[in-house]
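The values are calculated or read from the model by the stated rules, or taken from the named source; none is laboratory data. The shown structure was predicted, so the numbers you read here are calculated from the model rather than taken from an experiment. Because the Cβ atoms are built from the backbone with ideal geometry, glycine has one as well, and the counts that use them run over all protein chains shown. Only protein heavy atoms, including side chains, enter the accessible area calculation; ligands, DNA and RNA are left aside. Shrake-Rupley method; radii C 1.70, N 1.55, O 1.52, S 1.80 Å.
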Amino acid sequence: MDINAIVYTSATGFTARYAALLAERTRLPAYELAQAGTALSKRAPVLYLGWLCAGGIKGLKKAAARFDVKAVCAVGMSLPDPAYTAKLALPAALKQVPLFYLRGGYAPDRLTGVYRPMMALMTKAVTRTPPKDAGERAMQDAFLHGGDWVSEQALTPVLERLAER
Ligand SMILES: Cc1cc2nc3c(=O)[nH]c(=O)nc-3n(C[C@H](O)[C@H](O)[C@H](O)COP(=O)(O)O)c2cc1C
């Protein structure tokens, strides 16, 4: 797959780390979406990474309006699950583009603005009842204390796809 750069949006740093790992492995430059406009030409072919916010991939619409988005990575705190990835909404124009889910992390202390009260509400909702199984317990723990699941290994399918013609 021919791309010129990696473009990303990150609020608390997990997506930025995946972008940096990908840049290192592919030797391509990585730019924050906010800065990418000046660094790259319009319609430049890129891989886009955005963090998940209420089921939506942050910055994707903006990125697609400016660049030729060839593949997308959604970074969230949910456990990797193909059914969840399949449900993530992509803009109509990107329906054919490969989409990957990467588990990032959760850093409540680094949240700012509206995201803080939003996640406080989510945490209350998620931890209201005792966990039914180990998975729920892990999720409640993540909401309460945060977590970091960034792994180089998670990038294998992305790197394989990028290596294809
Ligand atoms: C307001 C808000 C909504 C979120 N919604 C989702 C979601 O729908 N699915 C998910 O897997 N993670 C969700 N998350 C978790 C973030 O996507 C996760 O923490 C991600 O790693 C943040 O990446 P960043 O550090 O690059 O900002 C949400 C986080 C916040 C603050």
Which residues, counting only those in segment 75-90, are touching a strand residue (DSSP E or B) at 6+ places or on another chain (Cβ under 9 Å) and more than 8 Å from the ligand (Cβ to nearest atom)?
Leu79, Pro80, Asp81, Pro82, Thr85, Ala86, Leu88, Ala89, Leu90
Take the residues of segment 106-118 that are closer than 20 Å to Leu60 by Cβ and open to solvent by less than 80 Å² (accessible area, probe 1.4 Å): which is farthest from the chain's Cα centre (by Cα)?
Gly113
Answer residue from segment 49-68, given it is more than 10 Å from the ligand (Cβ to nearest atom) and open to solvent by 10 Å² or more (accessible area, probe 1.4 Å) and is farthest from Ala34 (Cα to Cα) among those
Asp68
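Can we say Tyr106 is within 14 Å of the ligand (Cβ to nearest atom), of a type in the set (Phe, Trp, Tyr), in contact with a strand residue (DSSP E or B) (Cβ under 8 Å, 6 or more places away or on another chain) and free of Cβ contacts under 8 Å to residues at least 40 places away in the same chain?
no
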Report whether or not Pro91 is over 19 Å from the mean Cα position of the chain (by Cα), without any contact (Cβ under 8 Å) to a residue 60 or more places away in the chain and either under 20 Å from Ala34 (Cβ atoms) or surrounded by 12 or more Cβ atoms within 10 Å (Cβ to Cβ) (or both).
no
Residue match in segment 12-19 (condition: among the hydroxyl-bearing types (Ser, Thr, Tyr), exposed (fewer than 14 other Cβ atoms within 10 Å of the Cβ) and either outside any helix (DSSP H, G or I) or more than 14 Å from the ligand (Cβ to nearest atom) (or both))
no
Within segment 140-161, residues being within 16 Å of the ligand (Cβ to nearest atom), closer than 28 Å to Ala71 by Cα, open to solvent by less than 50 Å² (accessible area, probe 1.4 Å) and in a helix (DSSP H, G or I) number 3
Count of segment 119-133 residues which are open to solvent by 80 Å² or more (accessible area, probe 1.4 Å) and part of a helix (DSSP H, G or I):
3
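Tally time: how many residues in segment 17-37 are out of contact with any helix residue (DSSP H, G or I) (no Cβ under 9 Å at 6 or more places or on another chain) and farther than 18 Å from Val69 by Cβ?
Count: 4.
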